[in-house]
Amino acid sequence: MGGHIDRPGTLLARATLFAGLDTATLDAIEAVAQPRYYTAGRIICRQGEPCDSLFILRRGFARSFVAPASGSAATLLARLHPDEVIGEIGLLAAVPRSATVVAGSEVLALEIRADDFARLLATQPRLQETLTHLLAGRLARRNADLHNRGRRHLATIVGGAGR
């Protein structure tokens, strides 16, 4: 038996940013995505550098760190898994990279350059819609986290007859 071979467009279909897009849109995105390979410990992108592309993790895992301006130790933000996207906020906001991402294992990532991503957004309305929903969901979760972080939660167990 031969191994499973993905047909064009299916490589990106599992990535959150591209979920639900039609085959033609996925094929257009895949056409501009360039494979990039990283060994464990290699930096994929560095905090503070210009955000000139985004990456979609395909294989392996990576860790995202942020170094505070005070020079103290870097803080682990997230462990990134296949199909997660790195750098889409920086591209949209035209701001430097907000974190350093390091390969935690051998990594295969697909890189999409900023100009190609801008062209895709301009010509693929469904991608714009998906991106808007993804970012709005993240913002809502962050706001809820910030709101709940300042509150102490009290759990009560009520016992007795009829309870």
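A few points about this structure:
- Taken over the stretch 1-148, the convex hull of the Cα atoms encloses 135 Å³ per residue.
- Listed values for the stretch 52-58 are Karplus-derived 3J(HN,Hα) couplings in whole Hz (6.51 cos²θ - 1.76 cosθ + 1.60, θ = phi - 60°), namely 10, 6, 10, 10, 10, 5, 10, and x replaces Gly and Pro.
- Euclidean distance between Cα centres, the stretch 15-82 to the stretch 89-135, Å: 8 Å
- What a 1.4 Å probe finds exposed on the stretch 1-110 is 58% carbon and sulfur by accessible area, rounded to a whole percent.
The values are calculated or read from the model by the stated rules, or taken from the named source; none is laboratory data. A quick note: this is a predicted structure, and the numbers were derived from the prediction, not measured. For accessibility, only protein heavy atoms count, side chains too; no ligands or nucleic acids. Shrake-Rupley method; radii C 1.70, N 1.55, O 1.52, S 1.80 Å.
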